[in-house]
1. How would you order 75-84, 203-212 from highest to lowest mean count of nearby Cβ atoms within 10 Å?
2. Once a ≥ b ≥ c are taken as the square roots of the eigenvalues of the Cα gyration tensor of region 99-143, is the result rounded (a/c under 1.5), prolate (a/b larger than b/c) or oblate (a/b not larger than b/c)?
3. Using Cα pairs closer than 8 Å and at least 6 residues apart in sequence, work out the relative contact order for region 99-143, in percent.
4. Please report the relative contact order for region 34-183, taking Cα pairs under 8 Å with a sequence separation of at least 6, and give it as a percent rounded to a whole number.
5. Given the convex hull of the Cα atoms of region 24-96, what is a quarter of its surface area in nm²?
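Readers should treat all values here as calculations from the given coordinates under stated rules, not as data from a laboratory. Keep in mind the model is a prediction, meaning the values are calculated, not measured. Cβ: placed from backbone, ideal geometry, glycine included. Neighbour counts: every protein chain shown.
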Amino acid sequence: MDCSMAILLLCVLSFWTTGQARRCGDRQEEIDGHCCDMCPPGTFLEKYCSEVDQTVCSPCKEGYYSDKYNIFTICEECQQCPQGYSEKCTSTTSGTCSCQSGFLCSNNNCSKCEKNNCQIWENPKRTGVSSDFGLTTYLYKCEPKCRGHEYFDVKEDICKPRTQCSAGGLAERISGNETHNSVCYSPETQRGFTYVTLCIGFVLLSLSLSVFVLYTCSKKLRKHKANKPVQVVPAKTSDFHLSKEESGVQLTIQDEYKDSSGPLHLDIR
């Protein structure tokens, strides 16, 4: 009988304790025997409630946030992002960090960024994940975007199959790689192309030699003419033909000169 009374007493005490604990609402907190309203997201507790006043809440300052109902006296600081936000911090969210093009997040909250060392035809694959105090650290290794028989078309940003030259009875001039397709050619066409190329080259070479020989000969001929001496042939008076008037004057002067014993003076006006 004593045991039954003890069990009954424990049950009554338990129900009474539970009722006391649940007498405040879902978004209330018991403080100094009063059920105080909790502050909504985006705010913090400025002043506790009392018998006559309710809880006083104030909005979070810029750069701080609260994302749930709380009775904290200060808001949490927004996440600091080294290269920018994918979602900006608000009074109710901490913001989401992101890395700029060419960089990768070093951890799960992207608070650090590292350079992407993969080539354009490679994808960075996340590996070596380790957790420490809720922070997950990332490591990366590069893997090809395309399979072994494909190449990555940079312009179209897709993988394409490489051309198999031997399948079409062609020879391979340039082997395909991660970013370029194979270059094929026909051996018969190649021989014809080589013959035409040699003929054109021979004609051009012959023309060049002809022009060079002509230019050299012309230059030597001009130099020879320039160095040849000029012969001066003395002229006789009889070689010049004078008019009748000039011949008459000449004869008159000669006759007068013979008759004169002194020097002959001519007055030419």
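1. Details: 75-84: 15.4, 203-212: 10.0.
Packing proxy ranking, top to bottom: 75-84, 203-212.
2. Numbers: a/c = 3.83, a/b = 1.63, b/c = 2.35.
Because a/c hits 1.5 or more and a/b fails to exceed b/c, region 99-143 counts as oblate.
3. Details: 69 pairs, mean separation 15.7, N = 45.
Worked out over region 99-143, it gives 35 percent.
4. Details: 318 pairs, mean separation 18.3, N = 150.
Relative contact order for region 34-183 comes out at 12 percent.
5. Working: hull surface 19.8 nm².
That works out to 5.0 nm².
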